[in-house]
1. Being in a strand (DSSP E or B) and either under 15 Å from the mean Cα position of the chain (by Cα) or over 17 Å from Thr2 (Cα atoms) (or both) is the filter here; which residues of the range 202-211 pass it?
2. Read through the list (1) open to solvent by 20 Å² or more (accessible area, probe 1.4 Å); (2) closer than 26 Å to Ala109 by Cβ; (3) not in a strand (DSSP E or B), then give the number of the only condition that Arg265 fails.
3. Among the strands (runs of 3 or more DSSP E) lying completely within the range 38-139, list those that include at least 1 residues that are surrounded by 22 or more Cβ atoms within 10 Å (Cβ to Cβ) and β-branched (Val, Ile, Thr).
4. Take Leu149 and decide whether it is over 15 Å from Asp191 (Cβ atoms) and open to solvent by less than 10 Å² (accessible area, probe 1.4 Å).
5. Take the conditions out of contact with any Pro (no Cβ under 6 Å at 6 or more places or on another chain), part of a strand (DSSP E or B), charged (D, E, K, R) and open to solvent by 10 Å² or more (accessible area, probe 1.4 Å) and apply them to Asp168. Does it pass?
6. When the residues of the range 141-159 are filtered to those that are within 16 Å of the chain's Cα centre (by Cα) and not in a strand (DSSP E or B), which remaining residue is farthest from Tyr64 (Cα to Cα)?
7. Can you name every one of the strands (runs of 3 or more DSSP E) wholly within the range 215-254 that holds 2 or more residues which are at pLDDT 95 or above and surrounded by fewer than 20 Cβ atoms within 10 Å (Cβ to Cβ)?
8. Only residues in the range 181-205 that are more than 12 Å from Phe237 (Cα to Cα) and modelled with pLDDT of 95 or more count as the first member; pair them with residues that are of a type outside the set (D, E, K, R) and open to solvent by 30 Å² or more (accessible area, probe 1.4 Å), Cβ under 6 angstrom, at least 6 apart or cross-chain, and list the lot.
Amino acid sequence: MTIEPIGKYRSTWGEGPIWWQGKLIYVDIEQHKVISFDPESGEEKQFPVGERVGTVVPRETGGYVIAGDNGLYFMNEVGELTAIADPEPDKENNRFNDGKCSPDGHFFAGTISLVKKEGDARLYKLDKNGELTEAFGPVTNSNGLAWSLDGSKLYYIDTPRREILSFDYADGKISNMQSAADTGHIDSSPDGMTIDAEGNLWVAFCHGACVACFNPETGEEVRRVEIPCLETTACAFGGENLDELYITTGVHKTEKEEHAGMLFRVTGLGVKGVPAFAFQG
């Protein structure tokens, strides 16, 4: 296994990586940017969006959907934005955080209370017909999402709970909340999440300098990858064979770290991811 920083861009707070059409797309929340990175050519494109941006997902018809301080937007290939909706315009201390698209093409994204006001945030669904509704709540820090390989379950992290939740998923609706894994034995915050082709969940641990792999059927941690950066924020499988794990990081408030904020790539894990889903609206 090899762990290495790649690219030249250094995020203040990198998040939300997703592999799409040969590139890694991710966000730098605090620098208000969407980043497109091509590992083959080394090309990095930066798209300033004018506000903190928590997540980016591809859109099936081209371009992307992003979510940030002031709600959801369509973003085209040159970075131009079109507003969609803002479900919390009255909450100045909330913004959108992590988000992913479901296998059937809806976009799920949740908000975070920046002042840690318990229960003040929500998980929302932008369905492929353009309607924005609340999917789950209350939450405090909506974070990682992933769907089971057969699409019948949604795995979800509300960070302060320090566990991975499991929901039954069908036709854009979630039900029957259960706990898939307790992460409390890791003294840090569960953040972004992805799933591998074996059905195991990989979770980045903010303030924890690691990505841990959990079996959602048994709840046990089966593997851990240590990252030389305290603020390990999110992860996604990528590369031609989806066998490389890309990890975003952020800059710690006080600790000085050589590679803080860099994108990391882990090779030689011996596992593969699954293709990302796009928004079908």
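The values are calculated or read from the model by the stated rules, or taken from the named source; none is laboratory data. Please read all numbers here as calculations on a predicted model, not as lab measurements. We place every Cβ from the backbone using ideal geometry, glycine too, and count neighbours over all the protein chains shown. Each accessible area value is taken on the protein alone, full model and side chains, heavy atoms only, with ligands, DNA and RNA left out. Shrake-Rupley method; radii C 1.70, N 1.55, O 1.52, S 1.80 Å.
1. The answer is Trp202, Val203, Ala204, Phe205, Cys206, Val211.
2. (3)
3. So the answer is 53-58, 64-68, 107-113, 132-139.
4. Here the answer is no, as Leu149 does not meet what is asked.
5. Considered against the rule, which asks whether it is out of contact with any Pro (no Cβ under 6 Å at 6 or more places or on another chain), part of a strand (DSSP E or B), charged (D, E, K, R) and open to solvent by 10 Å² or more (accessible area, probe 1.4 Å), Asp168 comes out as yes.
6. Thr159
7. Filter on the range 215-254 gives 221-226.
8. Ser188/His207; Ser189/His207; Gly199/Leu149; Asn200/Asn215
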